[in-house]
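The values are calculated or read from the model by the stated rules, or taken from the named source; none is laboratory data. Model, not experiment: these values are computed from the prediction. Cβ placement follows ideal geometry from the backbone for every residue including glycine, while neighbour counts extend to all protein chains displayed. Only protein heavy atoms, including side chains, enter the accessible area calculation; ligands, DNA and RNA are left aside. Shrake-Rupley method; radii C 1.70, N 1.55, O 1.52, S 1.80 Å.
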Amino acid sequence: MDKNEVEKTAKLARLNFSEQEEIPGDFSRQLNKILKYIGQLNNLDTADISPMSQPLVKKLKLADDTSREFKNKEELANNAPDFKDGFYRVKKIIE
Amino acid sequence: MNKEKFETVIGLEVHIHLKTASKLFCRCENIFGGKPNSRICPICTGQPGVLPVINKEAVKLAIKASLALGCRIKKKSVFARKQYFYPDLPKNYQISQYKLPLAEGGHVYVDGEKINLTRAHMEEDAGKLKHTAAGSLVDYNRTGTPLLEIVSEPEIKSPDQAARYLKILRSIFRYCEVSDCDMEKGSMRCDANISLRKKGEKELGIKSEIKNMNSFRGVRNALSYEVKRQTAELEKGGVIVQETRLWDEKKEVTKSMRSKEEAHDYRYFPEPDLPPLEVEETFIQSIKETLPELPRVKVKRYMKRYNLSEYDCGVLTAEKELADFFEKAVDGLTKTDEATVKTLTNWITVELSGKLNVAELEITRSRISSKMIAELVSLIEDGTISGKMAKKIFEIMWDKQESPSDIVEKEGMKQITSDDKIEGICKKTIENHSKIFKKYLSGKEGVIGALVGSIMKETGGQANPQLVNSKLRELLAEKK
């Protein structure tokens, strides 16, 4: 993973690095170390193992379809940076 | 000219809202509209630490809809996070399905042509944005409502066919009662991939993706515009840029949506909060048993049973409610031979549908019941009333909601079919129209029509015109 890829991923994830230029390079080095470590798994023969999408063995639980109102909506509004007249408000989006 | 050179290739991605009581991953109520942000909770607003729990009914409806399209239901499907930043999506990711969708394959017939489907998968809807001068306002009522996305293969050949494909999907889903599929309310939405290629070429051309089409008309117009735009570009030797374009309904143009350049890099990964969705064969079978007779099967049955045209059957079965009305009316007929059922079909698809259109009423709210229309048709078929009288009676039925036999009784509208009466009327008419009679004697047999017309006028349309016609011929022949 080179510096450019780190920068692109950071941009997509809306991560802002500080002004110091060497940081993307630092991330690049660190990420490569991690990838190399995990990359050891590529040496295993997984031909007979079906792909796993997550490590929990639990079966998916399904909920009954009955609606229930969440009462404390005020608290949800309080969590937002800008809530007024029943709407969450954000900066104008230009399309 | 253009049409000779290029052919159009369209693939559609259709989203339908599943008709559940609650949302897909939380128990907030799932209904259209309402006070903004009145049906939200920590889960659908993406508060930290909450966990999604999937709605069993949504899974059932998604499987039912997929089965109706002939898809293969996958025993194991996996939810994935589709990541993008937009205020209508408070978690900054949408829970969707990516590599392992709920259903694969399937097909839909559009005017006898088979359109294959790629896949159908479940996902949650985003919220609604309202743009004002001061800023954008977000309503999260719709956030987290269950959707099924149906992806077609690029096999649709024209904007018209795309609109018809959508109407057929709507018809199927309404039959199955999985969705209202109301494009204006957004419970059916559609994005299109459209490209052109030289006729006969196998490889697909560069496509544009069209969004923001909110009606069947919008889909047809947006895609027609796009065909013209791409044709013009290719003809002057240009290339099509692969991009997302928005349909502007007022200006009737598509516009490039440049702001979303990076939007296609969604960095999907399996949703860690949800184990894979595993469904058992018995569960799928139990859902299969709840499928109703679908429109295409109904069409075939009507064609075989009543010998009606494919067109008529298509009209009768487009909406389940209309098909139900027709079947009830058939039950109410005194005779169900082919001719009578054809007469009934015409009265339903022409006269009644016309009335409903003008009054903007659904068939379920028709002012004329299936029983009443069956009675009317039975009166026509047994000769009690003529077709012309039936039209008058029909008007009264609609206005006053009275039964046709009551109207016939009250208005004295019975058809004159007695031989004696007809003979009397005919004789008198011949006497009163000596000029016409002379013309007839001089060999102009066509004038007989004038005599029939005069009799119909005199009797207020109540004389049976066929009987009058043959009686006149008989009397005139005698006098020759």
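Relative to the longest principal axis of the Cα atoms of chain A, the long axis of helix A:3-12 lies at roughly 20 degrees.
Helices in chain A, meaning DSSP H runs of at least 4 residues, each add -39500 (n - 2.57). Divided by all residues, the mean residue ellipticity at 222 nm is -11500 deg cm²/dmol. If you run the Gaussian network model on chain A, springs between alpha carbon atoms under 10 Å, then out of A:36, A:71, A:11 the most flexible one is A:71. Expressed per residue, the C-alpha convex hull volume of region B:386-447 stands at 116 Å³. Once the convex hull of all Cα atoms in region A:3-42 is built, its volume per residue stands at 68 Å³. Of the residues B:77, B:256, ranked by 1.4 Å probe accessible area with the largest first, the sequence reads B:256, B:77. Kirkwood hydrodynamic radius of region B:419-479, from the reciprocal of the average inverse Cα-Cα distance over all distinct pairs: 11.3 Å.
Explain nothing, just compute: Karplus ³J(HN,Hα) = 6.51 cos²θ - 1.76 cosθ + 1.60, θ = phi - 60°, for every residue of region B:73-81 in order, whole Hz, x for Gly and Pro. Per residue, the Karplus-derived 3J(HN,Hα) values read 7, 7, 5, 9, 10, 10, 7, 9, 8 Hz. Extents of region B:1-59, largest first, come to 58, 25, 25 Å (Cα atoms, principal axes, whole angstrom). Could you name the lysines in cross-link range of residue A:3, using Cα to Cα under 20 Å and dropping any fewer than eight places away on the same chain? Straight-line reach from residue A:3, under 20 Å: A:11, A:33, A:36. Between helix B:320-332 and chain B there is an angle of about 30 degrees, using the helix long axis and the longest principal axis of the Cα atoms. Counting Cβ atoms of other protein chains within 10 Å of each Cβ in B:58-68 and taking the mean gives 1.
Over all Cα atoms in region B:295-411, the spread is summed up by Rg and Dmax: 13.6, 43 Å. Stretched out straight at 0.36 nm per residue, the stretch from residue B:255 to residue B:304 would grow longer than its current Cα-Cα span by 12.8 nm. Among A:48, A:82, A:65, whose mean-square fluctuation peaks in a Gaussian network model of chain A (Cα, cutoff 10 Å)? Top of the fluctuation ranking is A:82. Overall, the accessible surface of chain A at a probe of 1.4 angstrom is composed of carbon and sulfur to the extent of 53 percent.
Which log10 I(q)/I(0) values, to two decimals, does region B:196-270 give at q = 0.27 Å⁻¹ under the Debye formula with one point per Cα? With one equal scatterer per Cα and no solvent, log10 I(q)/I(0) is -1.26. Against chain A, whose longest principal axis comes from its Cα atoms, helix A:22-39 is set at around 70 degrees. The heavy atoms of residue B:338 offer some 100 square angstrom of accessible surface to a 1.4 angstrom probe. Helical content alone sets the calculated 222 nm signal of chain B at -12500 deg cm²/dmol, taking -39,500 (n - 2.57) per DSSP H segment of four or more residues and averaging over every residue.
The shape of chain A can be summarised by an equivalent ellipsoid whose semi-axes, obtained from the alpha carbon gyration tensor, come to 38, 30, 11 Å from longest to shortest. Cross-link check: pairs B:342/B:471; B:23/B:91; B:23/B:74; B:304/B:335; B:288/B:371; B:371/B:410 evaluated at a Cα-Cα cut-off of 26 Å; pairs beyond the cut-off: B:342/B:471; B:288/B:371. Eigenvalues of the alpha-carbon gyration tensor of the protein assembly as shown, scaled by 5 and square-rooted, set the equivalent ellipsoid semi-axes at 64, 27, 23 angstrom, largest first.
GNM remark for chain A: springs join alpha carbons under 10 Å apart, and the peak mean-square fluctuation among A:79, A:16, A:43 falls on A:79. Solvent exposure of chain B amounts to 49 Å² per residue of accessible area, where only protein heavy atoms count and the probe is 1.4 Å. The smallest convex shape that holds all Cα atoms of chain B, its convex hull, gives 226 Å³ per residue. Residue order by solvent-accessible surface for B:107, B:131, B:15 is B:131, B:107, B:15, largest first, with ligands and nucleic acids left out and a 1.4 Å probe.
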